[in-house]
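The structure appears right after this line, and notes come after that.
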Amino acid sequence: MRQGTLIGPIIIAIGLIAAAVIFAVVGAVLQTADGGTELRLDRAEGRLEELTAEVKDLRQALDTAEKAIERQEEAGALLAAQVPAASSGGSTGAAGQGFDFDLTQAIPEIEDHVATEEMTEVMKLAKTRFNKGITQPRNSTMLQLLGQPRGSYGTNCQGITNPSLKALVETRQVGPIRVTLLRPALDSLERIFNILQATEPDIYAALGTAGGLCVRLIRGSSSSISNHSFGTAIDIKLQGKLDGFGDGGTQFGLLLLAELFNAEGWYWGATYRREDSMHFEVGEETLQRWRAEGQL
């Protein structure tokens, strides 16, 4: 009986011990599992913070890009307002007068510029860019340097009768065009066209002329002699098209040409009071220099 009475407490003790062991093991397992989960959570939280920071940076970069695009669109709209395209038209004259340029101030940076198939597109730009330091020759200067081309003038082209001036004039093939001008003017024109051929071959190939030497009065005048009369002016056309006279615009290709003519000391008619963008004439300073060098 005594042994039987001990079996119950022993079983209970064993059960208690087993329960304690099981509790300890389960507790240990749960503690390990919780530690691993916590570690994974910590890592996930750290990665989430990194991703959040990256998203924030990307949003800031996107905001910056959107603002830059808005500024470019505003600048483009302003440029479009300042540089409207005008329709091209024909011209029948050689002398005239006005114009405006700001091309690659606005686009100047435009220097992989508009394709040359658009070289005759008419643009309205700012006058102040061109003819800096170059004076349009006055009749008094021309007569002083070269004398009267002939004894009488009209509105139609005539030839030179002054022997001294006639001896200075030559007809020459210059690049794609054949033209009659003063000999030093032809030399200068060759330098201009050589640069144009190297830098803008499409425009060079499209060159044409509406005339060089033409002894006559300025249109609308009964006394002023056109500078074409002295063989110092030429009218340029592109792709067979004349730039519209007095419309305030100019063909894009002529803008590029004008810089080369200005560099050689030619005055561009686009800045006349009545714009004549196809017209280029040797500036007064260049004529004075040619005279000093004995070329006139």
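Just checking, how many residues over the stretch 127-149 are more than 20 Å from PRO184 (Cβ to Cβ), surrounded by fewer than 16 Cβ atoms within 10 Å (Cβ to Cβ) and touching a residue at least 12 places away in the same chain (Cβ under 8 Å)?
The number of residues fulfilling the criteria is 2.
Restricting to the stretch 165-199, count the residues that are closer than 20 Å to GLY294 by Cα, of a type in the set (A, V, I, L, M, F, W, C) and not in a strand (DSSP E or B).
So the count comes out to 6.
Report whether or not ALA258 is closer than 12 Å to PHE280 by Cβ and among the aliphatic types (A, V, I, L, M).
It is true that ALA258 is closer than 12 Å to PHE280 by Cβ and among the aliphatic types (A, V, I, L, M).
How about the stretch 175-207: which of its residues are surrounded by fewer than 16 Cβ atoms within 10 Å (Cβ to Cβ) and under 12 Å from LEU238 (Cβ atoms)?
Matches in the stretch 175-207: PRO176, ASP202, ALA205.
Considering the stretch 173-195 alone, what residues qualify as being over 16 Å from TRP266 (Cα atoms) and in contact with a Ser or Thr (Cβ under 8 Å, 6 or more places away or on another chain)?
Matches in the stretch 173-195: ILE177, ARG178, VAL179, THR180.
For the stretch 269-293, name all the residues that are touching a Pro at 6+ places or on another chain (Cβ under 8 Å) and surrounded by 23 or more Cβ atoms within 10 Å (Cβ to Cβ).
Those that are touching a Pro at 6+ places or on another chain (Cβ under 8 Å) and surrounded by 23 or more Cβ atoms within 10 Å (Cβ to Cβ): GLU281, VAL282, GLY283, LEU287.
Answer yes or no as to whether LEU296 is in a helix (DSSP H, G or I), hydrophobic (A, V, I, L, M, F, W, C) and in contact with a helix residue (DSSP H, G or I) (Cβ under 6 Å, 6 or more places away or on another chain).
It is false that LEU296 is in a helix (DSSP H, G or I), hydrophobic (A, V, I, L, M, F, W, C) and in contact with a helix residue (DSSP H, G or I) (Cβ under 6 Å, 6 or more places away or on another chain).
In the stretch 201-238, which residues are in a helix (DSSP H, G or I), closer than 17 Å to VAL282 by Cα and among the hydrophobic types (A, V, I, L, M, F, W, C)?
The one that is in a helix (DSSP H, G or I), closer than 17 Å to VAL282 by Cα and among the hydrophobic types (A, V, I, L, M, F, W, C): PHE230.
Where residues in the stretch 238-256 are surrounded by fewer than 21 Cβ atoms within 10 Å (Cβ to Cβ) and not hydrophobic (A, V, I, L, M, F, W, C), which of them is modelled with the lowest pLDDT?
GLY246
Got a number for residues in the stretch 252-281 being closer than 19 Å to ALA206 by Cβ and hydroxyl-bearing (Ser, Thr, Tyr)?
1
The values are calculated or read from the model by the stated rules, or taken from the named source; none is laboratory data. Nothing here was measured: the structure is a model prediction, and the numbers come from that model. All Cβ positions, glycine included, derive from the backbone under ideal geometry; neighbour counts span all protein chains shown.
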